[in-house]
Structures are given as structure tokens and as C-alpha cells.
Amino acid sequence: MPQVLHAFDWPDRFVVGTVGEPGSRTFFLQARTRDELVSVALEKEQSAALAAGIDQILDELMTRDGNRYSVPAEAPEALADTAPLDEPVQEQFRVGTLSLGWDPSSAQIVVEAGSLDGDGDGGGAELGDVDPETVEPEEVFVVRVPVGAARAFARRTHQVVAAGRPLCPLCGTPMDPGNHVCPRPEDLT
């Protein structure tokens, strides 16, 4: 079966957002161009790693060749996006593989997300079981964004990830809105 490609070059909107309450949120990577909207589910850790990777690439580009791509050190305020995900949020697939790259010919960050398993429905293999060298994802989501939009994407993603449950100051685990049983060692008391 041929691979399904969802490609967005210079999308109108590209964000990470969530559905649900802290502690049981589902993270989505979403792109929109005019009437085309694609949402793929991913893990919180994948979201955080994607934002950190984008920042790392952009920071490196700033120091290379006198910042010839005009990479901003901070996200431009004009590109800030604090709106919720576009509706309807319909999971196209669950992300198994993420790759990140730089295209110097267009001065764009390239994000590629592959479906978790061969049937593209997000079921089946566990995240750690996916070997991108041997498994060709049935669906691929590719988004290409300019440097300013990429910096704004990373900033929003860091904020979305941090907006979860607060961490216990003693043990560092997330605290639920109800009771928190701290597994801290007795010697801290």
C-alpha cells in the first residue's frame, strides 16, 4: 500500500496543543492551510523533545555564518499563538517517529512525523518497539516552517508542556488535584 503523505509547506498555522485536563491530556501536533487541517497525537515527551530540538537547530544557525538566515533569538511577538487547537480535533494517527531537519535552500525547519505502526491507526506496536530503519510508516506528516514561526512554535510548545500538573517540591513527581502521597525518603523529614 502506498504511503499517505500529509504535507504542509508554509502552513497558516502549526502548533502543539492538548485536549483534556492536566494528568490526562492528549497532546496533538496540528497544521492548517486554508481548509486543510491535520492533527496527529503524540506524547508529552515527544512534544518537549521536538521543541528542544527546534531551539537547538535555531541556536546553532544563529552562530553560523553571522546568522545569515536572520534567526531570531526569541520568538517574535507577532507570531505568538495562544489559541486552542482548531476544531474538530480528529486524530489522523499516533506519532511513532519524529525527525527534525533544516532546509537551507528555503531557510525552513522541517518536521516529519511518521505513524506509530504500519496500519496508520496508532494501535499495535509500542513506542519503544518502533525501529525507523525497518518499519516504513504508512502515514507521514511533514511540515516546513520558516525560522520565526519555528521559534514561536517552540516557545508555545514549551509553555503547553509546562502547563501540566505541578511537581511536588520534595519528590518531583506530578501532583494530582486531589491527594498526593509523596514517596520521598524518610531522611527528608
Treat every Asp and Glu Cβ in the chain as -1 and every Lys and Arg Cβ as +1, leave all other atoms uncharged, and give the resulting dipole magnitude about the Cα centre to the nearest 20 debye.
800 debye
Please sort by residue number the trypsin sites (Lys or Arg not before Pro) in region 40-119 whose DSSP state is loop and whose Cβ has at most 13 other Cβ atoms within 10 Å.
68
Amide H to amide H, which residues 5 or more places from residue 8 or on other chains are under 5 Å from it, using H placed in the peptide plane?
142, 143, 144
Measure of compaction for region 4-188 (Cα Rg per 2.2 N^0.38 Å)
1.12
Angle between the Cα long axis of helix 44-63 and the longest principal axis of the chain, 0 to 90 degrees, nearest 10?
50 degrees
Taking the highest mean first, how do the peptides 52-61, 78-87 order by number of other beta carbon atoms within 10 angstrom per residue?
52-61, 78-87
Karplus 3J(HN,Hα) series, Hz, for region 142-154 with 6.51 cos²θ - 1.76 cosθ + 1.60 (x for Gly, Pro):
10, 10, 10, 10, x, 4, x, 5, 5, 5, 5, 4, 4
Phi-derived 3J(HN,Hα) across region 98-109 with the Karplus relation (6.51, -1.76, 1.60, θ = phi - 60°), rounded Hz, x for Gly and Pro, is 10, 9, 9, x, 10, 10, x, 5, 10, 6, 10, 7
Only helical DSSP H runs with n ≥ 4 go in: add -39500 (n - 2.57) per run for the chain, normalise by residue count and round the 222 nm mean residue ellipticity to 500 deg cm²/dmol.
-6500 deg cm²/dmol
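Read the figures in this text as sums done on the coordinates, not as results from a lab. Computed from a predicted structure; not experimentally measured. Neighbour counts run over all protein chains shown; Cβ positions are idealised from the backbone, glycine included.
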